Amino acid sequence: MNTIQPRLYSGLRDRLPEQMVYRNFVTDQLRCVFEKYGFEPLETPAIEYYDILTGKYGQEAENLIYRLAHRDGNTLALRYDLTVPLARTIGSNSELVRPIFKRYQIQQVWRGERPQKGRYREFTQCDIDAVGSSSMLVDAEILAIINEMMVNLGFDDFHILINNRKILDGMVAYAGVPDQLRVVCRSIDKLDKIGSQKVQEELIQQGISKDEIDRIFAVISLEGDDILGQLDQLIGEFGQTSQGIDELREIQQTLQTFDVPTSHYKFDPSLARGLDYYTGPIFEVVVKTAGIGSVVGGGRWDTLIGQYIGRDIPAVGTSFGLERLIDSMEKLNLLPAVKTTTQVLVAPYNQDMMPESLKRLAELRRAGINAEIYLEPKSFRQTFGYANRKGIPLALVIGPDELARNEVAVRDMETRQQSIFGLDQYIDQIKHLIHTQK
């Protein structure tokens, strides 16, 4: 018999049941917070026209995109993010923006990059974007959502790093290399990975002089509680830096109104991301103890939609990287103990108890309790072993002696303690036990 060798392309992963339980846990948390802030769900197709996708990054997207070998092989591709599909959706349905459209989207994306730690070819993005307003209040609200979400997931040692594209433009103008923004930012983005010495060496190789590098580092090395004031004093007169600083000050004031702890965010003039489309504030979240890199990133993108409709519509948003979040939570032991969706395993004493056990199974399900039954009872050792392997927290034991007294036994699989309840009260008791285990 010929067999096909089971294999996966590098950078792709099967998501097994236990992993899906964790993913659903995180996405449920995300949806809850998103909807609390007035964001509505949206889905778009996985397949887009190739020229639509290249509108955001231009030819740089060629390294990201998986083209589809459909007919001519040039017209269709898999989406590599959710922002471009949103821009295309707004372009086709501009009536959605009245006066602001707030959407969240949790879907798969694909990128043709080299797989590495925390980075996969296929992954799930959890995006929120607000389209239609240029107010910094919206940017601050996005940051408040990020903070609340990180806290809800159990993170305490994290930083929301905040900068502004206009400050980066002002920095290179101050350094005397206004036409080298991408070269400079590509290097300083590696600061945490390779250190300042190697960043400077890389900049020299790119033709940046020592004096120009000193000016760049004078900006990105600023520290202290009043970084915005220091930036204003140092480079405020260059380009739109002053406007960028004012925008960050407005965000800062709103975050204080929202009671976002100052220990959870900081202004970082070295932060550089999305230079091809971000137009104002930019931000990302780093959990240093996880060692995975940024788990959330976003910013203001006021010009992208204009590529599709001929007029700019302001927008700001952020993306939670689901895989990186879960990997970070796993490393920091923040994932929930529950590994399965089953809450109760009905455990018949033997096959003779199967009819009565099926009745109890139906009762549990009618009460809204996730339950399954052990189909071939031979010994409780096998039955309880199954429950333990699967991580089922409770077992409902159906035995002849208990039934003769109109009773059932409920076993806590973690503590191994067993309690006896009457048939008229066991449902309520199981609900109570489930609630207390959360």
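The values are calculated or read from the model by the stated rules, or taken from the named source; none is laboratory data. No experiment lies behind these values; they were computed from the predicted model shown. Every residue, glycine among them, receives a Cβ derived from its backbone with ideal geometry; neighbour counts consider all protein chains shown. Surface accessibility is based on the protein's heavy atoms, side chains included, excluding ligands, DNA and RNA. Shrake-Rupley method; radii C 1.70, N 1.55, O 1.52, S 1.80 Å.
Structure summary
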| read-out | value |
| --- | --- |
| Residue satisfying condition, being under 27 Å from N93 (Cβ atoms) and β-branched (V, I, T), within set T303, T342 | T303 |
| Residue within segment 51-74 that is surrounded by 12 or more Cβ atoms within 10 Å (Cβ to Cβ), at pLDDT 95 or above, within 30 Å of E141 (Cα to Cα) and out of contact with any Gly (no Cβ under 8 Å at 6 or more places or on another chain) present | no |
| Unmet criterion (only one of (1) open to solvent by less than 60 Å² (accessible area, probe 1.4 Å); (2) touching a strand residue (DSSP E or B) at 6+ places or on another chain (Cβ under 9 Å); (3) of a type outside the set (V, I, T)) for K266 | (1) |
| Enumeration of residues in segment 423-433 that are more than 20 Å from S357 (Cα to Cα) and either part of a strand (DSSP E or B) or open to solvent by less than 30 Å² (accessible area, probe 1.4 Å) (or both) | none |
| Residue tally, condition more than 19 Å from F267 (Cα to Cα) and open to solvent by 60 Å² or more (accessible area, probe 1.4 Å), over segment 208-225 | 3 |
| Segment 1-18, residues that are surrounded by 10 or more Cβ atoms within 10 Å (Cβ to Cβ) and without any contact (Cβ under 8 Å) to a residue 24 or more places away in the chain | R15 |
| Where L203 falls short, out of the listed (1) open to solvent by less than 40 Å² (accessible area, probe 1.4 Å); (2) closer than 30 Å to T262 by Cβ | (2) |
| Residues located in segment 104-146, provided they are in contact with a Pro (Cβ under 8 Å, 6 or more places away or on another chain) and either of a type in the set (S, T, Y) or surrounded by fewer than 21 Cβ atoms within 10 Å (Cβ to Cβ) (or both) | Y104, R121, G132, S133, S134 |
| Residue in segment 277-300 that is β-branched (V, I, T) and open to solvent by 50 Å² or more (accessible area, probe 1.4 Å) present | yes |
| Listing of helices (runs of 4 or more DSSP H) fully contained in segment 130-220 that carry 1 or more residues being under 22 Å from the mean Cα position of the chain (by Cα) and of a type outside the set (K, R) | 136-152, 191-205 |
| Subset of segment 400-422 [of a type in the set (A, V, I, L, M, F, W, C) and open to solvent by 50 Å² or more (accessible area, probe 1.4 Å)] | A404, I420 |
| Pick from segment 289-300, criterion of a type in the set (G, A, S) and part of a loop (DSSP other than H, G, I, E, B), ranking: nearest to I100 (Cα to Cα) | G293 |
| Enumeration of residues in segment 25-42 that are part of a helix (DSSP H, G or I) and either farther than 11 Å from I106 by Cβ or open to solvent by less than 30 Å² (accessible area, probe 1.4 Å) (or both) | F25, V26, T27, Q29, L30, C32, V33, F34, E35, K36 |
| Test result for L137, in contact (Cβ under 8 Å) with a residue 60 or more places away in the chain, of a type outside the set (V, I, T) and farther than 15 Å from F258 by Cα | no |
| Close pairs from segment 337-352: first over 21 Å from G368 (Cβ atoms) and without any contact (Cβ under 8 Å) to a residue 24 or more places away in the chain, partner open to solvent by less than 20 Å² (accessible area, probe 1.4 Å) and of a type in the set (A, V, I, L, M, F, W, C), Cβ under 9 Å, at least 6 apart | none |
| In segment 69-108, residue nearest to the chain's Cα centre (by Cα) [restricted to those that are more than 23 Å from R121 (Cβ to Cβ) and in a strand (DSSP E or B)] | Y104 |
| Pair list, Cβ under 9 Å, 6 or more apart: segment 259-280 residue more than 15 Å from A144 (Cβ to Cβ) and assigned to a helix (DSSP H, G or I), other residue open to solvent by 20 Å² or more (accessible area, probe 1.4 Å) and among the charged types (D, E, K, R) | none |
